[in-house]
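Here the structure comes first, spelled out in structure tokens, and everything after it is commentary.
Bear in mind that the values in this text are calculations on the coordinates, not laboratory data. On a predicted model such as this, the values are computed, not experimentally measured, just so you know. For neighbour counting, all protein chains shown are included, and Cβ atoms are generated from backbone atoms with ideal geometry for every residue, glycine included.
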Amino acid sequence: MGVRREAQLVEYKRAVFGVPRWALLVGLLFRQLGRLVWLVLRYWRMTGPAVLLVVLAVKAGWETVPILAVLIAAGLSGWRIGHRDSFGVWVKWPWLSRWRRWWLYRRGWESTMRGSGLAVSYGSVQHWPPMLSVKSSPAGDVVRVRLLRGQTPEHWTKKSAELAYSFGTRLCRVFSGRINVMPKARTGRLGRVLAWWDRRRFGRDVPGEMTLVFVRGDLLAYAVPAIGAEHIPATPDLSGLPVGIREDSTWLNLVLTQTHVLIAGATGSGKGSVIWSLLRALAGGIRSGWVQVWAIDPKGGMELAMGRRLFSRFAFTSLTEMADVLDAAVEVMRQRQARLAGVVRQHAPSRQDPTIVVLVDELAALTAYLTDKELKARIEAALAVLLSQGRALGVHVVAAVQDPRKETVKFRDLFPTRVGLRMTEDEQVDMVLGDGARKRGALADQIPASLPGVGYVLVDDRPEPVRVRFTHVTDAHIRDMDARYATPTPAPTTPAPVPPQRSAPTTGNTGGTGGTGGGNGAGNGPLPIQLFNKLRGGQ
């Protein structure tokens with residue numbers, strides 16, 4: 001913990017007993033020697049090679065040091081060129097983390113804490129929170145901090161802007177506790193000892209620690225290519241569907257088990273990206289019969305008709321037909337209730353009894369803008385039953401809406417999983433993601449229109465929202481999915497409108513592996529080759 005004592009008047013008194021000067025010198029010598037040993041052991045990555053070089057120079061001659069330095073530099077250069085990923089994991093980012101911790105953060109830590117009001121004074125003694133570690137990555141720097149007594153993450157959230165600009169970034173995210181910390185699997189006798197240490201490190205809640213993420217590079221400024229067709233599983237994992245990437249370049253796995261999903265965003269915010277990313281992750285299950293999608297498109301099929309063969313039921317022209325689809329889903333749910341009551345508490349999907357996803361492209365058209373009161377009451381009653389009882393019975397509702405107000409979406413609180421894309425008002429952020437979400441960093445109202453598919457979600461049961469970007473599924477991908485992953489269930493007899501045929505864009509292909517020309521959301525920037533290869537290679 002950093003401590004600084006303010007200047008004050010000192011009254012000198014005669015010493016009770018005298019200490020010889022030689023004793024003071026010996027004590028000071030031992031103190032400095034102990035500090036030197038601690039520094040050597042603390043920074044062994046630097047002191048170890050330096051000691052080896054000195055020993056080599058003494059035994060083999062100092063002329064060997066430049067030769068060895070050239071060989072090491074050549075080896076590191078070859079490693080970086082030959083295998084950039086492992087070089088970054090073992091050399092680049094560990095060393096850069098230590099450099100930034102010393103040069104950037106430690107030098108300005110005291111002044112930043114005092115200037116932003118995060119230092120605490122007790123009388124004439126001033127304390128500031130200690131910095132525990134710094135870990136750098138292409139997305140930014142993760143700084144672990146220990147809170148002072150009397151502080152909470154809320155104090156730091158209010159100072160996030162001051163912290164960001166103090167350390168040369170425009171954005172600082174504040175997370176309570178640790179993030180991205182997982183213990184490793186241990187085996188053997190030594191592994192049992194290390195497992196005990198992991199339990200002490202990761203198995204305990206540490207409310208006295210928190211994490212600051214200084215965002216330096218925005219990986220979400222680049223369009224994320226759709227997952228390759230070769231990586232779409234025949235049986236999707238409903239507990240983690242890959243639909244995009246997070247701000248730290250890790251995969252965003254959307255949970256569909258035991259939940260309903262609400263997608264909210266303004267016009268042009270990328271709600272279609274979320275819907276088609278989810279359908280692409282479910283495509284293998286649709287073809288194998290483990291998943292059925294019942295789609296409702298009140299906009300006349302303009303969004304979903306291109307992939308109509310993916311849907312077991314598809315209503316897009318008649319409001320009465322849309323109400324029939326919802327009533328049919330309620331009937332399936334009732335049948336499963338009668339069959340599974342007292343047997344199991346969670347529906348297990350199969351080809352004979354698949355998971356049903358009720359997909360509604362514009363929910364407000366069925367609940368708020370409908371003028372037929374009788375039909376509106378019928379639709380609202382069916383939705384209320386599905387949202388309150390359908391999760392455990394394998395009937396999930398995925399709905400998109402532009403206006404998330406309570407007057408428009410009466411059942412907003414019945415959606416456990418919510419995706420907040422670009423909003424038009426700052427109040428709408430808390431409406432979608434919960435009270436205080438904007439204070440915790442969900443600045444959905446500040447997402448530029450040039451970044452469709454960028455939004456915020458709550459993941460991993462953490463209170464802080466995570467900034468994400470969903471994959472860009474092109475028309476070519478949709479046509480390929482419509483031909484390759486058609487549902488085995490007979491399609492409805494109602495004909496769908498024929499979409500206009502367009503030439504396949506150069507940024508994608510019908511194979512579904514994405515393209516390298518996705519751009520930066522405004523169409524004028526290439527996707528980094530490392531990120532593209534990572535996404536193209538699957539999870």
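General remarks:
- Ranked by how many other Cβ atoms sit within 10 Å of their own Cβ, fewest first, the residues VAL454, VAL473, VAL54 fall in the order VAL54, VAL454, VAL473.
- For ARG216, neighbours were defined as the other residues whose beta-carbon sits under 15 Å from its Cβ, and their charges (Lys and Arg +1, Asp and Glu -1) total +3.
- Gain upon complete extension [SER111, LEU33; 0.36 nm per residue less C-alpha separation]: 25.1 nm
- Averaged over residues, the count of other Cβ atoms within 10 Å places the peptides 260-269, 108-117 in the sequence 260-269, 108-117, highest first.
- Cα-based shape type of segment 262-399, given that a ≥ b ≥ c are square roots of the gyration tensor eigenvalues and the cut on a/c is 1.5: oblate
- Between THR250 and ARG42, the distance separating the two model label sites (each 7 Å from Cα on the Cα→Cβ line) works out to 2.9 nm.
- Using 0.36 nm per residue and subtracting the Cα-Cα separation, the extra length available between SER318 and VAL125 on full extension is 62.2 nm.
- In segment 62-215, a dipole from Cβ-located charges (positive for Lys and Arg, negative for Asp and Glu) runs towards its positive end, and of ALA164, SER136, TRP102 it is SER136 whose Cα lies farthest in that direction.
- Paramagnetic label zone (point 7 Å from Cα along Cα-to-C-beta, THR424; backbone N under 20 Å) in segment 253-274: 263-273
- Flagged links, alpha-carbon separation over 31 Å, of LYS410/LYS439; LYS92/LYS271; LYS299/LYS406; LYS271/LYS410; LYS299/LYS439; LYS299/LYS373: LYS92/LYS271; LYS299/LYS439
- Fewest-first ordering of MET46, MET423, MET322 by other beta carbons within 10 Å of each residue's beta carbon gives MET46, MET322, MET423.
- Within segment 52-100, the chymotrypsin sites (Phe, Trp or Tyr not before Pro) that combine a DSSP coil assignment with at most 12 other C-beta atoms in a 10 angstrom radius are TRP62.
- By the count of neighbouring beta-carbon atoms within 10 Å, fewest first, SER318, SER136 end up ordered SER318, SER136.
- Between ALA69 and ALA483, the distance separating the two model label sites (each 7 Å from Cα on the Cα→Cβ line) works out to 6.1 nm.
- Rounded if a/c under 1.5, otherwise prolate or oblate - segment 62-215, Cα gyration tensor axes: oblate
- Each of ALA73, SER116, VAL213 was scored by the projection of its Cα onto the charge dipole of segment 62-215, and the greatest displacement toward the positive side belongs to VAL213; charges sit on the C-beta of Lys, Arg, Asp and Glu.
- Net charge dipole size for segment 348-490 [Lys, Arg +1 and Asp, Glu -1 on Cβ; Debye, nearest 20]: 240
- Charging the Cβ of each Asp and Glu at -1 and of each Lys and Arg at +1, and nothing else, the dipole of segment 418-481 about its Cα centre rounds to 180 debye.
- Taking the charge dipole of segment 226-372 about its Cα centre, with +1 at Lys and Arg Cβ atoms and -1 at Asp and Glu Cβ atoms, the residue from SER318, ALA341, ASN253 reaching farthest to the positive side is ALA341.
- Stretchable slack from THR152 to ARG189, in nm (0.36 nm times residue separation minus alpha-carbon distance): 9.3 nm
- Global geometry of segment 215-304, whether rounded, prolate or oblate, following the gyration tensor of its Cα atoms and the 1.5 cut on a/c: oblate
- FRET efficiency for the LYS299 to ASP327 pair, using the beta carbon distance and R₀ = 22 Å, is estimated at 0.55.
- Computed magnitude of the charge dipole of segment 62-215 (debye, nearest 20; Cβ of K, R +1, Cβ of D, E -1): 460
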